[in-house]
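Peer 1: The structure that follows is given in the form of structure tokens.
The values are calculated or read from the model by the stated rules, or taken from the named source; none is laboratory data. Quantities reported herein were computed from a predicted structural model and do not represent experimental measurements. All Cβ positions, even for glycine, are placed from backbone atoms using ideal geometry, and neighbour counts span all protein chains on display. The accessibility values were calculated without ligands, DNA or RNA, using every heavy atom of the protein model including side chains. Shrake-Rupley method; radii C 1.70, N 1.55, O 1.52, S 1.80 Å.
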Amino acid sequence: MIRLDVHPTPEGAAEAVARRVVATLAEARAAGAAAHVSLAGGTTPRRAYELLASMLPDAEAAHWWFGDERCVPPDDPDSNYRLVAESLLGPAGVPVRLVHRMRGEDPPRLAAAAYARELREVVPRGPAGLPVLDLALLGLGEDGHTASLFPHDDALEATELAVPVVASKPPPNRITLTLPVLRAARAVVVLATGAAKRDAVARVLAGPDPATPASLLADADVTLVADEAAASRAPL
Ligand code: 6PG
């Protein structure tokens, strides 16, 4: 089920996402379990990460994973790891042992297989035998892609936990989590802001469609956090 959570501004949406991550960490701690959170790439979540860095209860509050990564070195301006390291992990002083980076500098197929192994080894599994993330934070492309799951791509049918893809959004070579592991998460938050995302937001809410990959998460507990501009074409 996908629930829309609208805020007047991008700042409000970023604050809502940061608060949701903090609440997720608190729930895991109350249950006496380590928290496992996968993070979105792109540009939209930077502000949410900056806010989150000052809101974390402590630097060891969670294991941090990635929803996708570009096949570039970790210090490359296009690296999602670099985005997260600059805005969240560095400022919050998160120890390296809690950061599970997709190795964008390695051959994509090897890096994807290694990431799937790491997920299976580190993240507790649910009844279906899949790793259960406490929260998967994702972005939304104008074409409805999320992570690096693009419209009508073969990756939408993948059963592995992580796969290499060649994307329509540059840079083309990427590694992405797949729908099985995203759907298995206890909760999913998709963050979308700006008028350019309004059609994608409306399509996500219109029902599952491989032309809009984020819509295929509908059978998970999904909160679509948007500002008013991105939600302006959402069904009332
Ligand atoms: C990536 C992202 C991708 C992103 C959307 C939105 O690596 O590009 O994971 O899924 O979240 O494309 O990107 P923006 O936030 O830059 O609009």
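Peer 1: Of these, LEU236, LEU179, LEU156, LEU161, which one is farther than 21 Å from LEU135 by Cβ and modelled with pLDDT of 95 or more?
Peer 2: Answer to the selection: LEU156.
Peer 1: Starting from residues that are closer than 20 Å to ALA48 by Cβ and in contact with a Phe, Trp or Tyr (Cβ under 9 Å, 6 or more places away or on another chain), keep the ones in the stretch 135-144 and report whichever is farthest from the ligand (Cβ to nearest atom).
Peer 2: It comes out as ALA136.
Peer 1: For the stretch 179-208, which positions are in contact (Cβ under 8 Å) with a residue 40 or more places away in the chain and more than 14 Å from the chain's Cα centre (by Cα)?
Peer 2: Once the filter is applied, which keeps residues that are in contact (Cβ under 8 Å) with a residue 40 or more places away in the chain and more than 14 Å from the chain's Cα centre (by Cα), the stretch 179-208 yields THR193, GLY194, ALA196, LYS197, ASP199, ALA200, VAL201, ARG203, VAL204, LEU205.
Peer 1: Okay, next question. Within the stretch 112-156, which residues are of a type in the set (S, T, N, Q) and either assigned to a loop (DSSP other than H, G, I, E, B) or open to solvent by 10 Å² or more (accessible area, probe 1.4 Å) (or both)?
Peer 2: Kept after step one, since they are of a type in the set (S, T, N, Q), are these residues of the stretch 112-156: 146, 148.
Listed by number, the list holds a single entry, SER148.
Peer 1: Please go through the stretch 157-174 and give me each residue that is within 10 Å of the ligand (Cβ to nearest atom) and open to solvent by less than 40 Å² (accessible area, probe 1.4 Å), ordered by number.
Peer 2: ALA167, PRO171, ARG174
Peer 1: Across the stretch 192-236, what is the number of residues that are closer than 17 Å to ARG47 by Cβ and in contact with a Pro (Cβ under 9 Å, 6 or more places away or on another chain)?
Peer 2: The total comes to 6.
Peer 1: Another question, if that's okay. Among strands (runs of 3 or more DSSP E) lying entirely in the stretch 1-111, which contain 1 or more residues that are touching an Asp or Glu at 6+ places or on another chain (Cβ under 8 Å), closer than 21 Å to GLU142 by Cα and at pLDDT 95 or above?
Peer 2: Correct list: 2-7, 68-70.
Peer 1: Here's something else I'd like to know. On the given criteria, is ALA147 within 11 Å of the ligand (Cβ to nearest atom) and either free of Cβ contacts under 8 Å to residues at least 12 places away in the same chain or not charged (D, E, K, R) (or both)?
Peer 2: Taking the combined requirement at face value, the residue satisfies it.
Peer 1: Among the residues of the stretch 1-21, which ones are touching a strand residue (DSSP E or B) at 6+ places or on another chain (Cβ under 8 Å), open to solvent by 60 Å² or more (accessible area, probe 1.4 Å) and of a type in the set (Asp, Glu)?
Peer 2: If the condition is that a residue be touching a strand residue (DSSP E or B) at 6+ places or on another chain (Cβ under 8 Å), open to solvent by 60 Å² or more (accessible area, probe 1.4 Å) and of a type in the set (Asp, Glu), then GLU15 is the only one that fits.
Peer 1: Collect the residues in the stretch 177-194 that are part of a helix (DSSP H, G or I) and within 12 Å of the ligand (Cβ to nearest atom), keeping them in residue-number order.
Peer 2: LEU182
Peer 1: How many residues does the stretch 30-60 hold that are hydrophobic (A, V, I, L, M, F, W, C) and open to solvent by less than 10 Å² (accessible area, probe 1.4 Å)?
Peer 2: Quick first cut of the stretch 30-60, residues hydrophobic (A, V, I, L, M, F, W, C) only: 30-31, 33-35, 37, 39-40, 48, 51-53, 55-56, 59.
Imposing the further condition that a residue be open to solvent by less than 10 Å² (accessible area, probe 1.4 Å) reduces the set to 35, 37, 39-40, 48, 52.
Total meeting the criteria: 6.
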